[in-house]
Amino acid sequence: MLGPDIRLVLVVAPAGYGKTTALSQWANSSDHYVGWVHLDEADNDPVHLLRSIALGIEQPQLAGRLRTLAPDTALDMAALPLVTFLRGLDRPAVIVLDDLHRVRRSAALDLLVTLAAKLPHGCRVVAASRRRPRMKLGRLRSQGQFAEFGPADLAFSPAEARGLLAQVEIDLPDEAVQALLEHTEGWPAGMYLAALSLAGTPGPLAAVGEIAGSSRYIVDYFRDEVLIEQSAQTVRFLLRTSALEEMSASLCDAVLDTTGSRAWLSEIEALNLFIVPQDERGEWYRYHRLFTEMLLSELRRREPGEELRIRRRAAAWFERQGLPEQAIGYAIAAQDDAAAARLITVYAQPLTSDGRVEQVRTWLEALGESVLQGYPPLAAMGAWVWAAVGDAPRAQRSLRIAESGTFDGKLPDGSASLTSAVARARAALAPYGVDAMVADAKQTLDLEPPGSPWHTAAAMLYGVACLLTGSRDEARKALERAARLGRKGERASVAFALAQQSLLAADDGDWSTAAACATESRQLMEAGGLQASLPGLLTPLACGRVALHRGDTQAAWTDTADALRLYRSPSPVAFPWLAAQAAIILGRILLDLGDEAAAQLRATEAARHLDSLLTEGVLREEYRQLLADLDRARSRSQALDATDLTKAELRVLQLLPTHLSLAEIAQELVISRNTVKSQVAAIYRKLNVANRTDAVHKGYQAGLLDQ
């Protein structure tokens, strides 16, 4: 609702936004005195414009008097007779000016601003235009006397869209109506044309997804209502730049091999040709979706092959700007497989390390295996990417393609050679077991010395391989090297190495190191937004073990839940050693948390992953230890049932065989000494013993304590 102080209202939107309809509906419901003026090119003459307004408010005599105005009459004096008439009315007046875009001369536009400023209180000028007029609005704006409405204000709401569809007897579910609104961006004419298209189909619901700017009705509308009014040069610029998802002046200059695109974009924005600014600085734009689709269909018809040429140039421009995602997207869209394969090879690792592995996966799917066969470096990288998203078969196929390929010299991703990249991927996937993993990791570590962008990953893999084969000292050195030498773009490898260090330190009882490494690993994962990626699987497990040691079971449960989500999806199945290791650690933590059923399920899964490894290293023994712990837990549960001990009392019982005092036991369990004292008394009573020595002896007999 507009306040009475508003003197000038502009309604600016491209063709088909229902400007005239909206103003007509408003005028018909208004209690104002309404004068309607259809403007044309003749109204660029200020005097002619005043006469048109006088005729619009049905004052032919006033229009006749205005004919006698001298050409050099001041604007405020020229408008005075009209203002005097409006002041004498018994109610406020509104002057509606339709098609203001036909008025371009500054003298005529200045006259309208002057007229609006002098209007009596409650009166206003309301103008509809396809383009934003070059009017001097500073004073009206600063005084709160100006209002403007644009496409967003005129766009259809879901209710309006449904009402339009009902007029052509089309009933769609809410999600289909919303899909149409999103694709047409609420453009009323677009919705109407889409409704006409749907009305001519036997299955409107199925046809919703086929509505596009290339549809006959939409193409005809844009040709007849929009393009026909533009110069040949403007149309050519529109057609060629429609191949760009977003555009800036420098990008347009590059793809069109020209200069002056900034002026073209400014002109198109001024013309309001379905262009949408993408930033507040006015540097980046995009076209309305349906407009883009129509322009592209015309470009393909008029200049076959031009779309691909423009997109290839766009890919090169974005690469020069250091924007790899856009460069790769345009290379794929341009069907430039060679450029796309090279770019993905270069940027897949840093993008994956920044949590964009799903985007890289999408690119690989778009290219297909034939491109990998023609470019082995991408196949080697693809093995990592497919494994990281949990697709083991594709990961193995990519590895085999890379193994059978050849490539001379250093790889675009910085790898020393294809041999090194293949050895690195083979070490990660371990198709020949953990023993061969050591040799592959050592080979790539030798080929990628410090300073190589792949040294951290190679050191991490070598450390893991040594750990899995029982060479714990060598594993510590390699994991420490990976953590120490890793750079910002290698967060995933560094965080993974730190998590492995934490787990190794926990096994050794070095809990201060375990806690420090787990914390640093988590910080790196969070800084890189990698919490939902596969390299982050071991981080919550390391944190969970530390939390359990501190007695913080709530934190341990939270960490375990985080690890379980990653374990299920994307799933480490493509890295069978990691899948087995994670399942075993999860089983141990869940068992310590008292969830024997969940621990048993993880043990079963660990066995399945171990079966896919040709050699298992220490993992098989760790699995057997988990099974033994599960057996003891079951026996202990049965004994607990027989003795009626609580889990809290059992925790205290576990420490009675030690030389710790009750105060020291309380400190170890992070509870009060009085609590320990009362729980010891309960243990004595339930075991029917009189002292600590007898309680320990009875605990061994009942299977409540490990021998």
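Hey, what did the range 59-212 get for relative contact order, percent, Cα under 8 Å, at least 6 apart?
Working: 132 pairs, mean separation 25.8, N = 154.
Once divided by the residue count of the range 59-212, the mean separation gives 17 percent.
In which sequence would T615, T84 go, from the one with the fewest C-beta neighbours within 10 Å to the one with the most? Provide the component values of the computation, followed by the final result.
Values: T615 17, T84 12.
Ascending Cβ contact count within 10 Å gives the list T84, T615.
Mind ordering 343-354, 407-418 by average Cβ neighbours within 10 Å, highest first?
Working: 343-354: 22.4, 407-418: 17.0.
Output ranking for 343-354, 407-418: 343-354, 407-418.
What is the gain in length, in nm to one decimal, between L655 and T519 on full extension, counting 0.36 nm per residue of separation less the C-alpha to C-alpha distance?
On the way: separation 136, 0.36 × 136 = 48.96 nm, distance 2.82 nm.
Result: 46.1 nm gained on full extension.
Return the loop-located GluC sites (Glu not before Pro) in the range 300-360 (DSSP other than H, G, I, E, B) with at most 12 other Cβ atoms within 10 Å of their own Cβ; answer none if there are none. Each step should come with its number before you reach the end.
On the way: sites: E306, E307, E319, E325, E358; in loops: none.
In loop regions of the range 300-360 (DSSP not H, G, I, E or B), there are no sparsely surrounded GluC sites (Glu not before Pro).
Kindly rank 469-478, 419-428 from highest to lowest mean number of other beta carbons found within 10 Å of each residue.
Details: 469-478: 16.9, 419-428: 24.4.
The peptides rank, most packed first, as 419-428, 469-478.
Take the Cα of E245, step 7 Å along the line toward its Cβ, and report every residue of the range 308-348 whose backbone nitrogen sits under 11 Å from that point.
The answer is 325-333.
Packing-wise, with mean Cβ within 10 Å as the measure, how do 334-342, 38-46 rank, highest first? Mind showing how you got there, number by number?
Working: 334-342: 19.0, 38-46: 17.2.
Ranked by mean Cβ neighbours within 10 Å, highest first: 334-342, 38-46.
Using modelled backbone amide H atoms (1.01 Å from N, in-plane), which distant-in-sequence or interchain residues come within less than 5 Å of A93's amide H?
The list, which skips near neighbours in sequence, is Y33, C123, R124.
Quick one: what are the phi-derived ³J(HN,Hα) couplings along the range 391-407, Karplus 6.51/-1.76/1.60 with θ = phi - 60°, whole Hz, x for glycine and proline?
9, 5, x, 5, 4, 5, 5, 4, 4, 5, 4, 5, 4, 8, x, 9, 7
What do you get for Rg/Rh of the range 158-211 when both radii come from the Cα atoms and Rh is the Kirkwood radius?
Expressed as Rg/Rh, it is 0.89.
Strictly greater than 23 Å: what percent of every Cα pair in the range 159-253 meets that? Walk me through the intermediate numbers first.
On the way: 1586 of 4465 pairs.
Of all Cα-Cα pairs in the range 159-253, 36 percent lie more than 23 Å apart.
If I stretch the segment between E269 and A682 completely, what's the gain in nm (0.36 nm per residue apart, minus their alpha carbon distance), one decimal? Kindly include the intermediate steps, with their values, before the conclusion.
On the way: separation 413, 0.36 × 413 = 148.68 nm, distance 8.23 nm.
The E269-A682 span can extend by a further 140.4 nm.
How big is the range 429-634 on each of its three principal axes, counting only the C-alpha atoms and giving the largest first in Å?
Result for the range 429-634: principal-axis Cα extents of 51, 36, 31 Å.
So what are the ³J(HN,Hα) numbers for the range 531-547, from phi and the Karplus equation (6.51, -1.76, 1.60; θ = phi - 60°), rounded to whole Hz, Gly and Pro as x?
Rounded to whole hertz, the list is 4, 9, 9, 4, x, x, 4, 7, 4, x, 5, 5, 5, x, 5, 5, 4.
In terms of modelled amide H atoms, which long-range or inter-chain residues lie less than 5 Å from the amide H of V276?
Hits under the 5 Å cutoff: R286, Y287, H288.
With runs of 4+ DSSP H residues as the only contributors, calculate the mean residue ellipticity of the chain at 222 nm using -39,500 (n - 2.57) per run, divided by the residue total and rounded to the nearest 500.
Roughly -20000 deg cm²/dmol at 222 nm, from the helical runs in the chain.
Computed on alpha carbon atoms, what radius of gyration and Dmax characterise the range 8-154, expressed in Å?
14.3, 43
Only counting other Cβ atoms within 10 Å, I'd like I57, I95 sorted with the fewest neighbours first.
Working: I57 20, I95 24.
Ordered from fewest to most neighbouring Cβ atoms within 10 Å, I57, I95 come out as I57, I95.
Work from the charge dipole of the range 74-131 (Cβ charges, +1 for Lys and Arg, -1 for Asp and Glu, about the Cα centre) and give the residue of L115, V103, L86 farthest towards its positive end.
After comparing all options, I get V103.
State the extension gain, in nm to one decimal, for the chain segment bounded by A338 and S637, taking 0.36 nm per residue of separation less the distance between their alpha-carbons. Please report the intermediate quantities before stating the final value.
Working: separation 299, 0.36 × 299 = 107.64 nm, distance 6.25 nm.
Extra length from A338 to S637 when fully extended: 101.4 nm.
So which aspartates and glutamates can K19 reach, going by Cα to Cα under 17 Å and dropping same-chain residues fewer than 8 places off?
D40, D98, D99, E148, D153, E160, E185, E225
On a C-alpha basis, how far is the centre of the range 371-416 from the centre of the range 1-33 in Å? Whole number, if you could?
Value for the Cα centre distance between the two parts: 61 Å.
Put +1 on the Cβ of each Lys and Arg and -1 on the Cβ of each Asp and Glu in the range 331-427; which of V360, A416, Q373 then has its Cα farthest toward the positive end of the dipole?
A416
May I ask you to sort C123, C543, C517 by Cβ crowding, counting other Cβ atoms within 10 Å and putting the fewest first? Write out the running numbers ahead of the final one.
Numbers: C123 23, C543 26, C517 29.
Final ranking by Cβ density, sparse to dense: C123, C543, C517.
Residue-wise, which Karplus ³J(HN,Hα) couplings in Hz belong to the range 118-133, taking 6.51 cos²θ - 1.76 cosθ + 1.60, θ = phi - 60°, and x for glycine or proline?
For the range 118-133, the Karplus-derived couplings read 9, 4, x, 4, x, 8, 7, 9, 10, 10, 10, 8, 7, 10, 6, x Hz, x marking Gly and Pro.
Which lysines have a Cα less than 27 Å from the Cα of K677, not counting those fewer than 8 places away in the same chain?
K647, K686, K698
Normalising by the residue count of the chain, find the relative contact order in percent from Cα pairs under 8 Å and 6+ residues apart. Numbers along the way, then the final one.
Numbers: 1085 pairs, mean separation 50.0, N = 707.
Relative contact order, the chain: 7 percent.
Grab the beta carbon distance between T362 and A107, set R0 = 56 Å, and tell me the FRET efficiency rounded to 0.05.
The pair T362/A107 has a calculated efficiency of 0.50.
Compute the signed sum of charges (Lys and Arg +1, Asp and Glu -1) over the other residues within less than 13 Å, Cβ to Cβ, of N691.
Working: positive: R685, R692, K698; negative: D694.
Net local charge, N691 excluded: +2.
Sorted from largest down, what three extents in whole angstroms do the Cα atoms of the range 644-702 have along their principal axes?
Computed over the range 644-702, the largest-to-smallest principal extents equal 27, 22, 17 Å.
Which option, [x] 160; [y] 244; [z] 187, is the value of volume of the Cα convex hull per residue in Å³ that was calculated from these coordinates?
[y]
Any read-out appearing in this document is the output of simple, stated calculations on the displayed coordinates, not a laboratory observation. Quick caveat: nothing in here was measured; it's all calculated off a predicted structure. Because the Cβ atoms are built from the backbone with ideal geometry, glycine has one as well, and the counts that use them run over all protein chains shown.
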